[in-house]
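Read the structure below first, then the notes.
Please treat every number below as a calculation from the coordinates, not as lab data. All figures in this text were calculated on a predicted structure; none of them were measured in a lab. All Cβ positions, even for glycine, are placed from backbone atoms using ideal geometry, and neighbour counts span all protein chains on display.
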Amino acid sequence: MTVAQPLETQPTAVPGLPGWWPAVRRAGSVLLILLVLVGAWEGYKALGAATGGLIPFTALPLPVRADDKSMPHVWTIVGVLFQPARRGAEQLLWQILLEAALFTWREALAGFVVGSLVGFLLGVVFVHSPLLERGLMPYVVASQTVPLLAIAPMVVIWGSRLGWPAWASVTIISAYLTFFPVAINTLRGLNSPEPTALELMRSYAATRRQILWKLRLPAALPYLFTALKISASVSVIGAIVGELPSGIPDGLGRALLTFSYYYITGPEKLYAAILFSALLGLTFVVLVMLVERLVLPAQRRLE
Amino acid sequence: MSTAQPAVTFRSVSKVFNERARDRVKALDDINLEIQPGEFISLIGPSGCGKSTLLRLVGDLIAPSAGTVLVNGKPAPQARLNREYGMVFQQATLYDWRTISHNVQLPLEVLGWPAAKREARAREMLRLVQLEEFARHYPWQLSGGMQQRVAIARALAFEPSILLMDEPFGALDEMTRERLQLEVLRLWSQTGKTVIFVTHSIPEAVFLSTRVVVMSARPGRISGVVEIDLPQPRGFETREHPRFFEKITEVRERLRQDEVRTPSA
């Protein structure tokens, strides 16, 4: 905290403009960037078409092929969402993908909750026991350097031997990814109070529990939310990766796998599935941000 | 001096940091000092003279390497557990997520006071430092000087008999500083607390104190104690009193003698 702060540090709107203007501007900039990305995609395709797939003024091929089989037009990808998923099927592709996304989100949410709880508890244990922190932290870090693709099938096999439902294994795989950022950031947050803030508690002869509840935990909240935003997005990745070896047919994992088989004939369906996976992660992160806004005033958010 | 039990007693106290390491530092050496209840004591000296260390020994925020520190006749750790002192740091150290009122209530929560009693006391303390109308504000909405007044209210909330202040106005501008000095004097005379005040400002020490403890560095020693017999209560006119300048000169010369002895400073 700086010493001499002005009386009003609330983010104020530009004078003469209504209060909702900043929100509109933010939405506008997001939309603008989306347009730029679409423009870049289509521009690259146009370039490829004009030069016959070569880098201009050279005989070298473009790094990524720009033809419709590799990079379908943006409108083709959007259009395929509104076509039946299979020939003769009733459901449109977007309906199938939405159902798959919601299914995957339930697994991701469970993994997010379990992983965040585990990570949070690890942070709390570590801040109170430097010995455990020194002993366990290398393993916590190492856990994230092992490829998830190698671990996921093992978890699925163990899970089925123990008679767990398939989604439980997916939840564990998702939690395996989510616990890490939460553990690290919780520890950082719990250690974030200045020395004098802790000495103040010592001068009151506060107990460890009082220091935890009245100082360390509230101080850690901004860090915790930063971690939860990361966890929300990786929990979706964990769930999708977990679905593949589990053979769960209802989620985005299977959809991505199936459409990648048909990539040669219809790449736009895979792109559509990728779009939904990204949107799912994004939506989850935005949900966490909304909760953060309710819990933390602007002055305390780490952004 | 009264015959009552001293508020603070230092007996042959020394403090060594990093005792077993190569970079061991003798911060304090053979400190003997007695502070009577109701005194206003300033600790002054060059940086590195151990004045803050001395204060932190009283608060049992650190332990002495040798010697005894007694607070109200008890060992310092026991006095801390009895909550016999309140502490004010250079930074206000308010908790950002608490309103001003809840910051003042923090020690009372730790002590387990019921909510209604806590709120009443916080109101009373905020009235004392004239910040009642800011009870529901958050720390970032207050100026540095106001934040420091909240810190003082918080330190006094549970009625400790001793107030420890570690350069409390060091980060404030001169005008705010002078206003808060008057405020501290007013609180001191209203409440009759013992105040131990660390500063590196000679006029501040002389203006506030009944005695100024002058310290020298490497290792930290008490090189002299200057009685400040300026009339009480003190106010704006004190700073224009001829004795005020005499005392400032006396403290300054006391400090300079030490500088001559240790030219490295």
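Could you please state, rounded to a whole Å, how far the C-alpha centre of the range A:219-243 is from the C-alpha centre of the range B:5-54?
Result: 49 Å between the Cα centres.
With +1 assigned to the C-beta of every Lys and Arg and -1 to the C-beta of every Asp and Glu, and no other charges, what is the dipole magnitude of chain A about the Cα centre in debye, to the nearest 20? Before the final figure, lay out the partial values.
Working: 22 positive and 15 negative charges, 111 e Å.
Using only the charged Cβ atoms, the result is roughly 540 debye.
For B:104-112, what's the mean count of beta carbons from other chains sitting within 10 Å of each residue's beta carbon?
What the average comes to for B:104-112 is 4.
Nearest 20 debye, what's the magnitude of the dipole of the protein assembly as shown about its Cα centre given +1 on Lys and Arg Cβ and -1 on Asp and Glu Cβ?
The dipole magnitude comes to about 820 debye.
Under a crude label model (7 Å from the Cα following the beta-carbon direction), how far is residue A:141 from residue B:189 in nanometres?
6.0
Taking K and R as +1 and D and E as -1, what net charge do the other residues with C-beta under 12 Å from the C-beta of residue A:189 add up to?
Overall, the nearby charge balance is +3.
Roughly speaking, what is the stretch gain from residue B:23 to residue B:179, that is 0.36 nm per residue apart minus the C-alpha to C-alpha distance, in nm to one decimal?
Separation in residues times 0.36 nm, less the Cα-Cα distance, equals 52.0 nm.
Semi-axes of the equivalent ellipsoid of the range A:105-155: what are they in whole Å, largest first, if each equals the square root of 5 times a C-alpha gyration tensor eigenvalue?
Taking √(5λ) for each eigenvalue gives 24, 17, 6 Å, largest first.
Run lengths n ≥ 4 of DSSP H only: what is the helix-derived mean residue ellipticity at 222 nm for the protein assembly as shown, with -39500 (n - 2.57) per run over all residues, to the nearest 500?
-18000 deg cm²/dmol
Residue by residue, what Karplus-based ³J(HN,Hα) values in Hz, rounded to whole numbers, does the range B:60-67 have, using 6.51, -1.76 and 1.60 with θ = phi - 60° and x for Gly and Pro?
6, 7, 9, 10, x, 7, 8, x
Give a quick list of trypsin sites (Lys or Arg not before Pro) in the range B:19-109 that DSSP marks as loop, anything other than H, G, I, E or B, with at most 14 other Cβ atoms within 10 Å.
Listed in order of number, the matching sites are B:20, B:22, B:24.
Measuring from label point to label point, each 7 Å out along Cα→Cβ, what is the residue A:102 to residue A:208 span in nm?
Taking the two extended label points, one gets 4.7 nm.
With 10 angstrom as the radius, rank B:23, B:29, B:229 by how many other C-beta atoms surround their C-beta, starting from the fewest.
On the way: B:23 6, B:29 19, B:229 10.
Ascending Cβ contact count within 10 Å gives the list B:23, B:229, B:29.
Which value does Rg/Rh take for the range A:21-71 over its C-alpha atoms, Rh per Kirkwood? Show your work: numbers first, answer last.
On the way: Rg = 15.4 Å, Rh = 12.5 Å.
Looking at the range A:21-71, the ratio lands at 1.23.
From the gyration tensor of the Cα coordinates in the range B:94-159, what semi-axes in whole Å does the equivalent ellipsoid have, largest first, with each one equal to sqrt(5λ)?
Result for the range B:94-159: semi-axes of 17, 12, 10 Å.
Taking 8 Å as the Cα distance limit and 6 or more residues as the minimum spacing, I'd like the relative contact order of chain A as a percentage.
Relative contact order of chain A: 22 percent.
What residues from the range B:194-211 fall in the zone where the backbone N is under 15 Å from a label point 7 Å along the Cα-to-C-beta line of residue B:229?
B:210-211
Treat the count of other C-beta atoms within 10 Å as a stand-in for reagent exposure and order B:88, A:291 from fewest to most.
Fewest-to-most ranking of B:88, A:291: A:291, B:88.
I want to make sure I understand the PRE zone here: with the label point 7 angstrom from the Cα of residue B:74 toward its beta carbon, which residues in the range B:136-174 have backbone N atoms less than 13 Å away?
B:160-162
Of the residues A:100, A:278, A:205, which exhibits the maximal mean-square fluctuation in a Gaussian network model of chain A defined by a 10 Å Cα contact cut-off?
A:205
If the only charges are +1 at each Lys and Arg Cβ and -1 at each Asp and Glu Cβ, what is the size of the charge dipole of the range B:94-159 around the Cα centre, to the nearest 20 debye?
About 60 debye.
Can you tell me the order of B:57-70, A:145-158, A:179-192 when each peptide is scored by its average per-residue count of other Cβ atoms within 10 angstrom, highest first?
In descending order of packing, they fall as A:179-192, B:57-70, A:145-158.
Count, for each residue of B:131-142, the Cβ atoms from other chains sitting within 10 Å of its Cβ, then give me the mean as a whole number. Walk me through the numbers on the way to the answer.
Values: counts 0, 0, 0, 0, 0, 0, 1, 4, 3, 11, 7, 2.
Partner Cβ neighbours, averaged per residue: 2.
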